[in-house]
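Colleague: Let me give you the structure first, and then I'll get to my questions.
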Amino acid sequence: MWLLGYYRVLWISLNCKRMMSGSRIISSATEVASWDIPSLPAQAFQSLLGDFVNPSLWLQPLGELMKLEAVELRHIEMELVEPFETSGWRETLRPCIIVAIRSKGLTGYGECVAGAGPWYSYETIQTAWHVLEDFIVPEILGQEIASTEELQRRSGRVRGHPMAKAGLEAALWDLLAQARNVSLANLLGGTKERIESGISIGIQQDISELLRVIEQRAAQGYKRIKLKIKPGWDREVLKAVRKRFPQMQLMADANAAYRFSEREHLKQLDEFGLLMLEQPLDYDDLIDHAALQKELKTPICLDESIKTPEDARKALDLGACKISNIKPGQVGGLLNAKKIHDLCWERGVPVWCGGMLETGIGRAANVALASLPGFTLPNDISASARYWREDMIEPPFVLEADATIRVPTGPGLGVHVVLERLERVIQRRAEFVS
Ligand SMILES: [Mg+2]
């Protein structure tokens, strides 16, 4: 009986904590995932606790150890509906690594967002594959793991390579959520049923083509438009867009295309009432962004410069940004993304979830993340059809009439991964079995 009493106190305190505090729900879920508690039969809990609070939460086997029986890597290559161009590169084909982890008859899926070349970051498909195959997978294969914190500790010996780590970690999040029969959004501590969707529009041939594309996207329901800019494709472009769409929520992303010496030019962008200016300066910089923010009226949002929760803390301490873009793939996974969210939430800094041209698998994880309460700005999470003729998942993500996307409620990612579609675009495969 003492053991049952222990469980009862533990579960009551846990669920009260979940119910009572909005933002603290997030850390509760994190703590839950890390507790090493052997599960008791569901029937025993049901008779012990009745319907108190939420039966589905009570019956979750929290902290259950998951033996990682097999890990499968699939390098796939998907054709984009249309090319996507930024200040530094142009993509027509989007490669990625789909990571699958199997345990207890379940399969968790995650997406590694490293690109074909080291343009956005130093990681590529090849480096991510190498780091996963030769270092991280051997470290965790056959191990019994109860939490994403534990995975982070085990993979922590590998310096950097956040995209490789994030792909594997996302698969574990999906697996843990399925094992607990809750949605990933629920496990992360999400509070929203729908998330706000924005769209990112790449650099076009000319301004008239850009205006046509914006018109088309606005007609589809997107209310916040992000434009990629670069030197020579900035002030005149924004002037024309603002003239045509005076009320539109508009922002610009430079992907680190400017130098601090060009700040007088950047200050001219203040006149367009942008929601924010994203990553104007170097991809590793915090210091110059802090100096620039002092001179700009437009809020700076950092993207490439934030690769860890510590980067985020330093950026906020320095005043290098007023808004943060959080990409789980870039910051080493959903756990770090949550930490950055929590930090920004505490400091009153709004955040939104960025995109890396994810398939439905990565998109589903991003949607779950964006259901956290601090994601108060529209996210770069658009409908599946914006990028893909046929997504990897069913049902695909669609844009609702109010420019939102529904957060899946089924276990794990809450979407079905269509394996036949993965197989059609596969370039390379490796399976590791314990
Ligand atoms: Mg960006």
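The values are calculated or read from the model by the stated rules, or taken from the named source; none is laboratory data. Keep in mind the model is a prediction, meaning the values are calculated, not measured. Methodologically, a virtual Cβ is constructed for each residue, glycine included, from the backbone with ideal geometry; neighbour enumeration extends over all protein chains shown.
Colleague: If you go through the stretch 216-230, how many residues are away from the ligand (no atom under 16 Å from the Cβ) and either among the polar types (S, T, N, Q) or at pLDDT 95 or above (or both)? Spell out how you get there, then give the answer.
Modeller: Going residue by residue through the stretch 216-230, those that are away from the ligand (no atom under 16 Å from the Cβ) are 216-223.
Filter once more, so that each one left must be either among the polar types (S, T, N, Q) or at pLDDT 95 or above (or both): 216, 220.
Number of matching residues: 2.
Colleague: Could you please give the count of residues in the stretch 276-290 that are buried (at least 20 other Cβ atoms within 10 Å of the Cβ), assigned to a loop (DSSP other than H, G, I, E, B) and out of contact with any Ser or Thr (no Cβ under 7 Å at 6 or more places or on another chain)?
Modeller: 2
Colleague: Output the residue which, of all residues in the stretch 231-274 that are at negative phi and of a type in the set (S, T, N, Q), is nearest to the ligand (Cβ to nearest atom). Spell out how you get there, then give the answer.
Modeller: First pass over the stretch 231-274, keeping only residues at negative phi: 231, 233-254, 257-272, 274.
Filter once more, so that each one left must be of a type in the set (S, T, N, Q): 247, 249, 261, 268.
Details: Gln247: 24, Gln249: 16, Ser261: 22, Gln268: 21 Å.
This residue is Gln249.
Colleague: Same structure, new question: Would you be able to tell me the number of residues in the stretch 198-212 that are within 16 Å of the ligand (Cβ to nearest atom) and either under 16 Å from Glu358 (Cα atoms) or among the basic types (Lys, Arg) (or both)?
Modeller: From the stretch 198-212, those within 16 Å of the ligand (Cβ to nearest atom) are 198-203; that's our starting set.
Add one more test, that the residue is either under 16 Å from Glu358 (Cα atoms) or among the basic types (Lys, Arg) (or both), and what stays is 198-202.
Matching residues across the stretch 198-212 total 5.
Colleague: Pick out the one residue from Gly221, Gly232, Gly198, Gly273 that is surrounded by 19 or more Cβ atoms within 10 Å (Cβ to Cβ) and in the same structural domain as Asn336 (by TED's automatic domain parsing). Steps first, answer last, please.
Modeller: Values: Gly221 fails: surrounded by 19 or more Cβ atoms within 10 Å (Cβ to Cβ); Gly232 fails: surrounded by 19 or more Cβ atoms within 10 Å (Cβ to Cβ); Gly273 fails: surrounded by 19 or more Cβ atoms within 10 Å (Cβ to Cβ).
Selected residue: Gly198, the only one of Gly221, Gly232, Gly198, Gly273 that is surrounded by 19 or more Cβ atoms within 10 Å (Cβ to Cβ) and in the same structural domain as Asn336 (by TED's automatic domain parsing).
Here is a yes/no grid of residues against (1) within 21 Å of Ala177 (Cβ to Cβ); (2) modelled with pLDDT under 95:
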position	(1), (2)
Glu91	no, yes
Val99	yes, no
Glu123	no, no
Thr127	no, no
His130	no, no
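Colleague: Could you identify the single residue in Trp352, Trp388 that is touching a Pro at 6+ places or on another chain (Cβ under 7 Å) and over 28 Å from Ala179 (Cβ atoms)? Outline the logic, then answer.
Modeller: On the way: Trp388 fails: touching a Pro at 6+ places or on another chain (Cβ under 7 Å).
Step by step, each of Trp352, Trp388 is checked, and only Trp352 is touching a Pro at 6+ places or on another chain (Cβ under 7 Å) and over 28 Å from Ala179 (Cβ atoms).
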